[in-house]
1. Among (1) surrounded by fewer than 19 Cβ atoms within 10 Å (Cβ to Cβ); (2) in contact with a Pro (Cβ under 9 Å, 6 or more places away or on another chain), which single condition is I111 missing?
2. Only one residue in R319, R264, R273 is surrounded by 19 or more Cβ atoms within 10 Å (Cβ to Cβ) and in a helix (DSSP H, G or I), so which one is that?
3. Quickly run through region 454-492 and pick out the residues that are among the β-branched types (V, I, T) and touching a residue at least 40 places away in the same chain (Cβ under 8 Å).
4. Only one residue in S352, S372 is within 60 Å of the chain's Cα centre (by Cα), surrounded by 11 or more Cβ atoms within 10 Å (Cβ to Cβ) and polar (S, T, N, Q), so which one is that?
5. I'd like the full set of residues that are crowded, with 17+ Cβ neighbours inside 10 Å and among the hydroxyl-bearing types (S, T, Y), limited to region 28-55.
6. Can you say whether D394 is farther than 30 Å from L160 by Cβ, in contact with a helix residue (DSSP H, G or I) (Cβ under 9 Å, 6 or more places away or on another chain) and open to solvent by 50 Å² or more (accessible area, probe 1.4 Å), as far as the supplied structure shows?
7. Taking the conditions exactly as written (assigned to a helix (DSSP H, G or I), open to solvent by 10 Å² or more (accessible area, probe 1.4 Å), of a type outside the set (V, I, T) and touching a helix residue (DSSP H, G or I) at 6+ places or on another chain (Cβ under 7 Å)), does A177 satisfy them or not?
8. Taking A156, is it surrounded by fewer than 21 Cβ atoms within 10 Å (Cβ to Cβ) and under 26 Å from V223 (Cβ atoms)?
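The values are calculated or read from the model by the stated rules, or taken from the named source; none is laboratory data. Keep in mind that this is a model prediction, so the values were computed, not measured. When we count neighbours, we look across all protein chains shown, and the Cβ atoms used for this are built from the backbone with ideal geometry, even at glycine. Calculation scope for accessible area: heavy atoms of the full protein, side chains included, ligands and nucleic acids excluded. Shrake-Rupley method; radii C 1.70, N 1.55, O 1.52, S 1.80 Å.
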Amino acid sequence: MRHLLLIALVGASTQAYAQVPRDTAAPTTLTIDQAIELARRNNPLLQQTLNARIGARAAVRSAYGALLPSADASFSAQRQQGGQQIFSGTSLGASSDVNQSSYQIGFGYRINSATLITPSLQRANRDAVEADITGATETLRSNVAQQYLSVLQAEATADLQDSLVVASQQELILAQAREIVGSGTQLDVQRADVALGLQRVQALKARNQIEIEKLRLFQLMGVPQPPNVKLVSQFPVVPLNLNLQDLIGSARAQNPGVLALRSREHVADLHVRREKGEYSPTLSLSTGIGGYTYGYTNSSFPVQQAAAQLDAARTSCIRTEEVRAALNLSNQLAECNAMAFTDVQAQSIRDSNSKFPFGFTRSPRSISAMVSLPLFDGFAREQRLQEAMANRSDARYSVKARELALTADVTAAYLIVTTAEKTVALQEQNAAKARQELKLVQDRYKIGATTFVDLTEARATYERAESERINAVYDYHKAFAALESAVGHPLR
């Protein structure tokens, strides 16, 4: 009868736990591929890195644009008040205001060896920026993968703590049942009750840790966290069928960090060539077209001037011809008397005066060419060349240092993954043995063959072994993600 009572109480406790209400809202699923893609599109730091691509592409266009002629256009207009101006004691000027306008369209071309090298330099700089972007993307992918695994690890730990809460509840029921039938003590009941409370605290902390890890994951992704999100990707532990030397060779050929440094080395080399090009001569060509207008605001003023000039010329002509006539010489007195200012002439003068502001008279065309050779600029050119050569040397050493570090990083990551794989196998065995031991002690406790202290110790051993197994599994996956990061591309 005692045994039947114990079984009934334990079954009732298990059924009561199964009837605890759970959250029935449909979860939002998230795979690791979706998390990585969302991070690539929304992570703020990666978006800042992507903005460097805009400047690099613009620099390439600008470098090619420097090989084309330059062009500029200008237009000016001026109004000058009429009046008398005194210059060197002579009265100059007019009694009417004057309008003037002009335009100029100029073309220029300048080229030297530095101009020819600049497009290659900017293309290399663009490739370096692209390598930086690839490196930042790969780093983000690795960080998201690591954090995704951290969430799964926290969920596995929380599930373990929940299962231990159920076990503690069953142990409390068993202790109470044994006290009822007289085979247990009140001390066992109190110990079981305290153990249950402590286990609930651990489960609560484990569930809270899940939310913290999810917040960090969505922070990396750059998007708000939706409610009730569930991570669904699975990561089985499989044997590592990778060759270390192949991984090192792949890393040297594809690691974004190394590729970026090599691109920077090429950029530094082109900088040296460009600075050396400053010693070469420069060819400059320029030409252009232009025109101008000039007119009086009072259109009658130039007509009056022309009429007055014609009258003065006719008077002078008549005087001269009259003298010749008085001396009985041949003369053109009749022609002088016939000189007169006509309306047609007046209208022509008015028409030529009304061209402001756009009736331009074209200026004579010109073209110029100049070859300049820099001789001395206070050693500034030599300073720039020496600095470029020093930067090139630094870039080469950076590449060498990164290649050496890459070999060490890949080798270390490979060894860590290999060790983690073996650790998982051992921890699986330990957890299985601890689980069997706990089951055996629980069965013995049900029939009164052992004490509650032995049961508590067995449960603690199982908890420790299972926690170590979970940690070993996710340490393996994190180590594999670190190996992928060191190589520079996914390996599965």
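1. Checking I111 against (1) surrounded by fewer than 19 Cβ atoms within 10 Å (Cβ to Cβ); (2) in contact with a Pro (Cβ under 9 Å, 6 or more places away or on another chain), the one that fails is (2).
2. On the way: R319 fails: surrounded by 19 or more Cβ atoms within 10 Å (Cβ to Cβ); R273 fails: surrounded by 19 or more Cβ atoms within 10 Å (Cβ to Cβ).
Being surrounded by 19 or more Cβ atoms within 10 Å (Cβ to Cβ) and in a helix (DSSP H, G or I) holds for just one of R319, R264, R273, which is R264.
3. Taking region 454-492 first, the residues among the β-branched types (V, I, T) are 456, 461, 470, 473, 487.
Correct list: T456, I470, V473, V487.
4. Details: S352 fails: within 60 Å of the chain's Cα centre (by Cα).
Among S352, S372, only S372 is within 60 Å of the chain's Cα centre (by Cα), surrounded by 11 or more Cβ atoms within 10 Å (Cβ to Cβ) and polar (S, T, N, Q).
5. Within region 28-55, just T49 meets the criteria.
6. On the way: farther than 30 Å from L160 by Cβ: yes; in contact with a helix residue (DSSP H, G or I) (Cβ under 9 Å, 6 or more places away or on another chain): yes; open to solvent by 50 Å² or more (accessible area, probe 1.4 Å): yes.
So D394 passes the test.
7. On the way: assigned to a helix (DSSP H, G or I): yes; open to solvent by 10 Å² or more (accessible area, probe 1.4 Å): no; of a type outside the set (V, I, T): yes; touching a helix residue (DSSP H, G or I) at 6+ places or on another chain (Cβ under 7 Å): yes.
Taking the combined requirement at face value, the residue does not satisfy it.
8. Values: surrounded by fewer than 21 Cβ atoms within 10 Å (Cβ to Cβ): yes; under 26 Å from V223 (Cβ atoms): yes.
So A156 passes the test.
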